[in-house]
Each structure stands twice: as structure tokens, then as C-alpha cells.
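The values are calculated or read from the model by the stated rules, or taken from the named source; none is laboratory data. Because the structure is a prediction, the values reported are computed rather than measured. Positions of Cβ are generated from backbone atoms using ideal geometry, with glycine treated the same way; all protein chains shown enter the neighbour counts. When the accessible area is computed, the model is the full protein with side chains, heavy atoms only, and any ligands, DNA or RNA have been set aside. Shrake-Rupley method; radii C 1.70, N 1.55, O 1.52, S 1.80 Å.
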Amino acid sequence: MDPYKTIWFAPKRTFENFFQSESKQPVYFLPFLIFGASFAIEQSYAIGNLFGDGALIWTALIMIPVGIGVIYLVFGLLLPGLTHWIGSIWKGDSTPRQMTNVYSISIIPYCILLIYQLALFATGTEPTIENMNGLTQYIIRLWTFALLIIGIARVQRFNYGLALLNLLLTYLPFLLIALMIRG
């Protein structure tokens, strides 16, 4: 089963089939690449404005490896590690690699953002997520959040309420840090 095709309309079955085999799963890195490129394009526009319009393409080329690295660090190591650790408090059954794959498969809807940003970039418009339709952003973020809850519930063998609590407790330290910075 190809998770890139089935995650859209059968996420529960996708996660169940994906994690039912006990063999060591490879990390699905393609969503991290796509989301990292999207992040890099958005950041490169802001950084490119510091150096002038002529530096925009060079800044984007430099920022793509940085963006992919940052996204993999956050969504491939830090958040899955915290989610696995918090889930182990309630005797969750996942491995860190399985949790990384849950995050990887869950950010597949963000591929739409890259397509939209490339279209904006090609037309000369600022390729930031803020220029995207608000309803489209909301739907993508809500779908990604729902996929995370479904994936955590399947891989940890939790109900959806405990999976939601696991996810919210994972984000709690980041929310507290953000509140202290803005404080």
C-alpha cells in the first residue's frame, strides 16, 4: 500500500497497514523534503529582501538545504521523540522510528503548499503562506492535525482522546516558551 495515495481518503487503514508489519520500516523522507522546500522558499523571500531582488534565487538555493534540515530536525526528530516519550508514560507501543513516520505521513497535505508557492514564485508574487487562501490553509492544517491524531492512536494503540492528549502535551513546552518570549 502506497501511503502517499491512500492517506487522503483512508488514513486509518493507511496507518494500520503501514505499521502492522514488525520489520524495521524505513523513514519516509520525501514529505520532509517537500515541507522543507516550502519552508525554505518562504524564508528565502524574507532573507532575500535584505540583499535586494537580485539575490532572491540565490537565497532560495542556499535556504533549501537549511529548510530541509530544520524541518527534519523539528518534525523528524524533536516532535516524534517527545511524542514517543510522552506516549510511553501511558504504555504506548511505538518506536521512535514509527513515530517519525507518523509525522512524515501526516505532513503529506503540506505538499499542496509547495505547489502553490511555486506558482506564486513563477508569477513574481511573494511566495509566502500568508498569501495563500485562508480557507485552504485552515483545511490543510486541520487535516494534518487530524492525521497526527489518527496516526498516534494507531501506532501507540491509544484511543483518539489519549492520542489528542499526547499530542497536546507534546506541544505544551513550545507554547510555554512562546508565551515567555512574548511575555
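What's the ranking of 130-141, 100-111, 158-169 by average number of surrounding C-beta atoms within 10 Å, highest first? List each step's numbers first, then the result.
Numbers: 130-141: 11.9, 100-111: 22.8, 158-169: 16.6.
Most protected by this proxy first, the peptides run 100-111, 158-169, 130-141.
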Leaving out ligands and nucleic acids, and using a 1.4 Å probe, what accessible area per residue does segment 1-112 come to in Å²?
52 Å²
Keeping all protein chains in position, work out how much accessible area VAL74 exposes to a 1.4 Å probe, and write it in Å² to the nearest 10.
50 Å²
Can you bin every Cα-Cα distance in segment 1-114 into 5 Å intervals starting at zero and give me the percent of pairs per bin, rounded to whole numbers?
2, 12, 18, 18, 17, 12, 8, 6, 4, 2, 1
Out of GLN156, GLY48, TRP58 - ranked by how far each Cα lies towards the positive end of the dipole of the chain, with unit charges on the beta-carbon of charged residues - the top one is GLN156
Quick one: compute the contact order of the chain, relative version, from alpha carbon pairs under 8 angstrom and 6+ residues apart, as a percent.
26 percent
Using the eigenvalues of the Cα gyration tensor, what equivalent ellipsoid semi-axes result for segment 1-68 when each is taken as the square root of five times the eigenvalue, whole Å, largest first?
37, 12, 7
Could you work out what % of the accessible surface of the chain is carbon and sulfur, using a 1.4 angstrom probe and leaving DNA, RNA and ligands out of the count?
70 percent
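Report the Rg/Rh value for segment 114-158, based on alpha-carbon coordinates and the Kirkwood definition of Rh. Spell out each step's value before the answer.
Working: Rg = 15.0 Å, Rh = 12.2 Å.
Checking Rg against Rh, the ratio lands at 1.22.
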Separation of the VAL70 and ARG141 label points, Cα + 7 Å toward Cβ, nm:
1.7 nm
